[in-house]
1. Could you say whether any residue in region 50-60 is modelled with pLDDT of 90 or more, surrounded by fewer than 21 Cβ atoms within 10 Å (Cβ to Cβ) and acidic (Asp, Glu)?
2. In region 192-243, how many residues are in contact with a His (Cβ under 9 Å, 6 or more places away or on another chain) and either at pLDDT below 90 or open to solvent by 10 Å² or more (accessible area, probe 1.4 Å) (or both)?
3. Among (1) within 21 Å of residue 98 (Cβ to Cβ); (2) buried (at least 18 other Cβ atoms within 10 Å of the Cβ), which single condition is residue 315 missing?
4. Starting from region 384-399, take each residue that is open to solvent by 30 Å² or more (accessible area, probe 1.4 Å) and list its partners that are of a type in the set (Gly, Ala, Ser), counting only C-beta distances under 7 angstrom and pairs at least six apart or across chains.
5. Considering 234, 211, 156, which residue is more than 21 Å from residue 117 (Cα to Cα) and in contact (Cβ under 8 Å) with a residue 12 or more places away in the chain?
6. So residue 408 passes all but one of these: (1) out of contact with any Asp or Glu (no Cβ under 9 Å at 6 or more places or on another chain); (2) assigned to a helix (DSSP H, G or I). Which condition number does it fail?
7. Conditions: (1) out of contact with any Pro (no Cβ under 7 Å at 6 or more places or on another chain); (2) open to solvent by less than 40 Å² (accessible area, probe 1.4 Å); (3) closer than 29 Å to residue 133 by Cβ; (4) in a strand (DSSP E or B). Residue 439 meets all but one. Number of the miss?
8. Do the conditions hold for residue 422, that is, is it open to solvent by 10 Å² or more (accessible area, probe 1.4 Å), of a type in the set (Val, Ile, Thr) and either out of contact with any strand residue (DSSP E or B) (no Cβ under 8 Å at 6 or more places or on another chain) or part of a loop (DSSP other than H, G, I, E, B) (or both)?
Amino acid sequence: MKLYKGIFCSLATAALLTGCANEAPFVEPTTPDAGLTGTLMTRCLAPKLTNVEGVETSTRADVPSTDDFTVVISRKNNTRDASSAGSVEYTYSEMPEVLTLPVGDYKVYAHHGEDLSAAWDSPYYYGESEFGIDANKITDDVDPIVAKLSNIRVTIVFHPSLLSAMSGDANKVQVNVGNQGVMNFVPTETRSAYFKYVNQSQTLAATFDGIVDGAHVVETKTHDNVAPGNHYRITFRMYGIDDDKPGTVDGKVTVDASVEQVDMNHTIPGEQGEIITNPEDWRPSQGNGDEPGPGPDDPTPVEQTVPQITAAPAPSGMTAINLDEVNEVTDNIYCVLNVVSTAEEGIEEFNVVIDSGKLTPDELAGVGLSDKLDLVNPGELEGALNGLGLPANVGGMKSVTFNITGFMPMLGILGEGDHNFTLTVKDANGESTVTLRLHTN
């Protein structure tokens, strides 16, 4: 008995010492709320697309899927670099449905594609929003992440009047946007080039260099104040009274260009002739990806489901538990369960049954615990639960974190064995039960 009491004293110390670390990578602030957590429903982070490709060229295949966006969640005052402390990164389709986060203010960033200096067919979409996490509350309403085209699209068109007069194979138009990159368009090039937008570097220059009617012609067209999210279509043609007829002026070949800023907010043709009038709100379904999702006037309601008990995602360097298999206890196992209730009155019952050949009822009683724990009405066990960092008096709460990561190294001291923790949670919507299965060698 003394051995187990010593072990559990060590467990309590470890639980207290790891109280902040188990929320890694988010650093706990030094505030009265330090150590408190809330819950984020990640479905409210779905990016909303705007200024997608125009109707003249687009099909549904051109619209980036929300599922493929990269989402970075960061403390509000941190950078959006997911490699920095205080940030986590997911692909939207792979995000857990529920995240437990320390109380505080956050920013969320979403992007699709790469923001390259210059490249063919490489649109870059970006958006951000902010939200707050309150203690023991569910956050499921975040201001929309409006993901906009955030680089500059350029298309070069060679007018038939110019094409018919050109000769040789060295004809091209060189495009520079600010100081960010250079792309060369030949007459057969039909793709668009995308350029990184940099403030204070907002001039587009397109230089025609070719042989026209036997003469070498170099002509540059510039356009100032280019902006991200815009499509600039530049048409080069022969100069003449009638643009449809090649011509010269005083025997000198002249080439000029016009710049058209294309409207990037057209509707997008759907299948079988229907029109998606709000392309920014389109999102593939989880099935075949062909069905539009709800729009801004048809918000997704909070599903009234039975309590959800899920394994929390592990921070970098640790391994999350799997509720579908037996988990080998190692030094880097992240043993955290998130419990979420969508019922108006929150959790009504939360019971834990411990079935272990090592942690027998007698041994647990020796440290003030039991193999049957009532976390809503803990009674005389409340002090022991608090000492081990376990939740107590959770009735009415809508989100609870059940964290026994700090216990794992000490379980190894008990020797080889199986340890099952069965959690049963009930609210007005129903009841859920899961069993966390652990094995120590």
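1. The answer is no; no qualifying residue exists.
2. So the first thing to find is which residues in region 192-243 are in contact with a His (Cβ under 9 Å, 6 or more places away or on another chain), and the list is 192, 203-206, 209-210, 232, 234-238, 243.
Then drop every residue that is not either at pLDDT below 90 or open to solvent by 10 Å² or more (accessible area, probe 1.4 Å) (or both), which leaves 203, 205, 209, 235, 237-238, 243.
Number of matching residues: 7.
3. Evaluating residue 315 over (1) within 21 Å of residue 98 (Cβ to Cβ); (2) buried (at least 18 other Cβ atoms within 10 Å of the Cβ) leaves (2) as the failure.
4. Note: pairs meeting the criteria are 386/392; 389/15; 389/19; 389/406; 396/346; 397/346; 398/341; 398/346.
5. Working: 234 fails: more than 21 Å from residue 117 (Cα to Cα); 156 fails: more than 21 Å from residue 117 (Cα to Cα).
Answer to the check: 211.
6. The number of the failed condition is (1).
7. Looking at each condition in turn, residue 439 falls short on (3).
8. When the stated conditions are applied, residue 422 does not pass them.
The values are calculated or read from the model by the stated rules, or taken from the named source; none is laboratory data. A quick note: this is a predicted structure, and the numbers were derived from the prediction, not measured. Note that each Cβ is placed from the backbone with ideal geometry, even for glycine, and that neighbours are counted across all protein chains shown. Quick note on the areas: whole protein, heavy atoms, side chains included, nothing else; ligands and nucleic acids left out. Shrake-Rupley method; radii C 1.70, N 1.55, O 1.52, S 1.80 Å.
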